[in-house]
Structures are given as C-alpha cells and as structure tokens.
Amino acid sequence: MEWLPSSTPVGLLEQPDARYPVPEPPRLLAAYRAMVVGRRFDAQATTLTKQGRLAVYPSSRGQEACQVGAALSIGAQDWLFPTYRDSVALVTRGIDPVEVLTLLRGDWHCGYDVPSTRTAPQCTPLATQTLHAVGLAHGEARKGSGAVALVLIGDGATSEGDFHEALNFAAVFRAPVVFLVQNNGYAISVPLAKQSAAPSLAHKGIGYGVRSEQVDGNDAAAVLSVLDTAVAHARSGAGPFLVEAHTYRMEAHTNADDAGRYRSAEEVERWRQRDPIDRLERHLRAAGHLDDAAVERIGAEAEEFAAQVRERVQDEPSTDPEELFRHVYAEPTPQLREQLAELRAEQEAL
C-alpha cells in the first residue's frame, strides 16, 4: 500500500530506489555546501557556549542531511517550524546566524522576524509547535495560498500528546503539513526502545490516515528526494505526510549533558562511519562533480562564515529592562504597572 512506510529506511547514495529519483547534481552540490557551512557554524556555536557567549547550544552535528534537506525542500512561500536543535536549518534557510543565536544567548525569545522569514520561533517544549504548524497550514489551505508547513521534531516529541493531536487534526482537515521526525535514537538520555514498540516511528502516522515514509537521515540525496515527495503530496491537497529520518546526534544533548552516561563510544564510532557529509562527498567525487579545489573552496567559505559569526557575537546587545513588561498582556495589569513603576524608581536611584 502506497501510504505505508517502507520496511527499511530509503537510501539512494549507495543503492538506487526506483520510487525516489536522485536529485540533480547542482542540488546535491548546494546541499553539500550548506552541510559543510552548517557544520562549521555548529562547531563555532559550541565553542561560543564554552566561552560563555551563549547560554546553551544544542548541537546538530551528524544531523546535517536532515537540517539542510528540510530547508532546501521548501520554498520561500512555505513555513518552517523548528525546534531548539535546528539552528543549521535556519541558517540554511538564509536567516542571519546571529539572529538565530539570539534565543540561545538568552537575549530575547526570537531574534529574527517571523512573518518575513516565514519561520516560527525555535520551540523548546517538545511537540507544541506541531499544533502551531497544523493550524497555520490549515489556514493557508483555506486561503488557497498553496503554501506548505514543514515541522521539525525529534523522536522524543512523538511520545507527546500534542504530536498525536496534530497528526489527527492534520489528517481530518487534510492540512498541507509535513512532519519530519529526526530520530537520533535518544530523547536526551532515553533510548528509542523505551519510547516506542512500533515497527518505526513512521508507522505512527498510519493510524491517523497520514501517508508516511522512513528514510536514511544521513543520506542527503534520500532525505531530499523523500521530502520532495512529501512536500508535493501536501501541496497537491492530498493531506499531511510524516517522514521519519534515522540519524544520530554526534555530540551531547547540550553543553550541560554527559552523553557518556547513556551511550557507548563504540556506538558513536559506528555512526561516525556513516557521516552524512563524508557520504555525500564520496558520491559527488565518484560522479565527477566535486574535486579537491571545490572542497577546499567550500571549506574556506565555511571558515569565513564562522569567523564572521564569532566576531559579531562579541558585540554586547543593547537591552531595555522595560521590555520585560511588554508583549505580556494587551492591557497591562495593575500588578505589572506597579512592578514597572518600581523598576523605574530603582533605575532613577542608580
């Protein structure tokens, strides 16, 4: 049955699949470049956290094929709903990297303009943005805009009630939304085997009447091809699509996590051998689309990108303490007015 996910994750780099075409070389080269730049940005953000410039940073190293694939599979008219781990997807979408890091610096809830970028704020609570994505997608469908919403979640989010409510609503109202589950094997420290007994997380869509597929999340070609199918399905009016991407988080959950307490070095090394950038590079080299000069040029571009981020993040943002009281209620409550008056009095006394 077409709507059932494949019995094994779809892959294309090592073994063609007649159901999913391999993306054209220029697109794969664009994905490779974005993955290299994204990984360097990710490493720079991790370093900035160690230096105290960021409050926290959840690395997505190892998940670049999913991050980049998500951003490249949708158009400027579409919406992206990311999680706290999806900074590389936002950078790939063209959002200012320093604005992406605003939340993780602790400066503001979101540093970029949501309407103009058509990108929702990075969501920390698990799965809550799935409902936002479905609601927005349903609204876009009612307007006849042709826009699709793509929502990024991790495997842990599939254990939340919001995820199931979102699937059900999307299926009933045929909302043009794509759910991309980045299954990296752990919800912080909880392994997948202790979260779900389903054959795959992709199978969770079937009970709600949602077309589903699973893909090798470290195979950039397969991720792009499967997401192209999912986005086209949603945009055509056929309803939502659930994609599970099997991938791996190479770094700890965040800089505050000790991953060695719940996974082995041997497991990490096994996944290192399936590195998404290395696999795509080998494919492009073998096909004659990438050489040493191009690899060096893209690497230099990534270093320059990281250097600019590093330099710009050194600038301390200007802050206004009174912003604490804005955007809370349309009309400030008496308690907030009283607290604001106390703040102003303290500032005057300084």
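All of A256, A252, A286, A238 fail the test of being surrounded by fewer than 16 Cβ atoms within 10 Å (Cβ to Cβ) and within 24 Å of T49 (Cβ to Cβ), apart from A256. Against the conditions (1) among the polar types (S, T, N, Q); (2) farther than 27 Å from H109 by Cβ; (3) touching an Asp or Glu at 6+ places or on another chain (Cβ under 8 Å), Q273 satisfies every one except (3). How many residues does the stretch 51-82 contain that are in a loop (DSSP other than H, G, I, E, B) and farther than 24 Å from Y32 by Cβ? Residues in the stretch 51-82 being in a loop (DSSP other than H, G, I, E, B) and farther than 24 Å from Y32 by Cβ: 7 in total. In the stretch 312-350, how many residues are part of a loop (DSSP other than H, G, I, E, B) and not acidic (D, E)? The qualifying residues number 12. When the stretch 189-228 is filtered for residues that are among the aliphatic types (A, V, I, L, M), assigned to a loop (DSSP other than H, G, I, E, B) and either farther than 30 Å from L28 by Cβ or without any contact (Cβ under 8 Å) to a residue 40 or more places away in the chain (or both), the ones remaining, listed by number, are A197, A198.
Let's see how each residue does on (1) under 20 Å from the mean Cα position of the chain (by Cα); (2) open to solvent by 10 Å² or more (accessible area, probe 1.4 Å):
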{"site": "H138", "(1), (2)": "no, yes"}
{"site": "A149", "(1), (2)": "yes, no"}
{"site": "D155", "(1), (2)": "yes, no"}
{"site": "H164", "(1), (2)": "yes, yes"}
{"site": "V178", "(1), (2)": "yes, no"}
{"site": "Q195", "(1), (2)": "no, yes"}
{"site": "R211", "(1), (2)": "no, yes"}
{"site": "V215", "(1), (2)": "yes, no"}
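Any residue at all in the stretch 29-46 that's hydrophobic (A, V, I, L, M, F, W, C), more than 12 Å from the chain's Cα centre (by Cα) and closer than 16 Å to Q314 by Cα? Within the stretch 29-46, one or more residues are hydrophobic (A, V, I, L, M, F, W, C), more than 12 Å from the chain's Cα centre (by Cα) and closer than 16 Å to Q314 by Cα. Is at least one residue of the stretch 70-78 open to solvent by less than 10 Å² (accessible area, probe 1.4 Å), in contact with a Pro (Cβ under 6 Å, 6 or more places away or on another chain), among the acidic types (D, E) and in contact (Cβ under 8 Å) with a residue 60 or more places away in the chain? Among the residues of the stretch 70-78, not one is open to solvent by less than 10 Å² (accessible area, probe 1.4 Å), in contact with a Pro (Cβ under 6 Å, 6 or more places away or on another chain), among the acidic types (D, E) and in contact (Cβ under 8 Å) with a residue 60 or more places away in the chain, which makes the answer no.
The requirement of being of a type outside the set (S, T, N, Q), in the same structural domain as L150 (by the TED database), open to solvent by 20 Å² or more (accessible area, probe 1.4 Å) and within 18 Å of Q308 (Cβ to Cβ) is satisfied by R40. Return yes when A306 is among the small types (G, A, S), in contact with a Lys or Arg (Cβ under 6 Å, 6 or more places away or on another chain) and surrounded by 13 or more Cβ atoms within 10 Å (Cβ to Cβ) and no when it is not. Judged against the criteria, A306 is a match.
Sub-6 Å Cβ pairs linking a first residue in the stretch 88-104 that is among the acidic types (D, E) to a second residue that is open to solvent by less than 20 Å² (accessible area, probe 1.4 Å) and at pLDDT 95 or above, at least 6 apart or interchain, are E99/Y112, ordered by first then second residue. Screening R249, R282 for residues that are of a type in the set (D, E, K, R), within 22 Å of L12 (Cα to Cα), part of a loop (DSSP other than H, G, I, E, B) and at pLDDT 95 or above leaves exactly one candidate, R249. Could you please let me know if D219 is modelled with pLDDT of 95 or more, touching a Gly at 6+ places or on another chain (Cβ under 6 Å) and at negative phi? So D219 fits the description; yes. Applying a threshold of 7 Å to beta carbon distances and a minimum spacing of six or more residues, or different chains, the list of pairs starting in the stretch 323-337 at a residue that is more than 22 Å from C110 (Cα to Cα) and ending at one that is open to solvent by less than 100 Å² (accessible area, probe 1.4 Å) and in a loop (DSSP other than H, G, I, E, B) reads L336/V328. Suppose the filter is farther than 29 Å from T46 by Cβ and not hydroxyl-bearing (S, T, Y); does A221 pass it? Answer is no for this residue. Starting from residues that are among the charged types (D, E, K, R) and in contact with an Asp or Glu (Cβ under 9 Å, 6 or more places away or on another chain), keep the ones in the stretch 80-136 and report whichever is surrounded by the fewest Cβ atoms within 10 Å (Cβ to Cβ). Going through the qualifying residues, I end up with D113.
The values are calculated or read from the model by the stated rules, or taken from the named source; none is laboratory data. Just so you know, these numbers come straight off a predicted model, no measurement behind them. Neighbour counts are summed over all protein chains in view; Cβ atoms, including those assigned to glycine, are modelled from backbone coordinates with ideal geometry. The accessibility values were calculated without ligands, DNA or RNA, using every heavy atom of the protein model including side chains. Shrake-Rupley method; radii C 1.70, N 1.55, O 1.52, S 1.80 Å.
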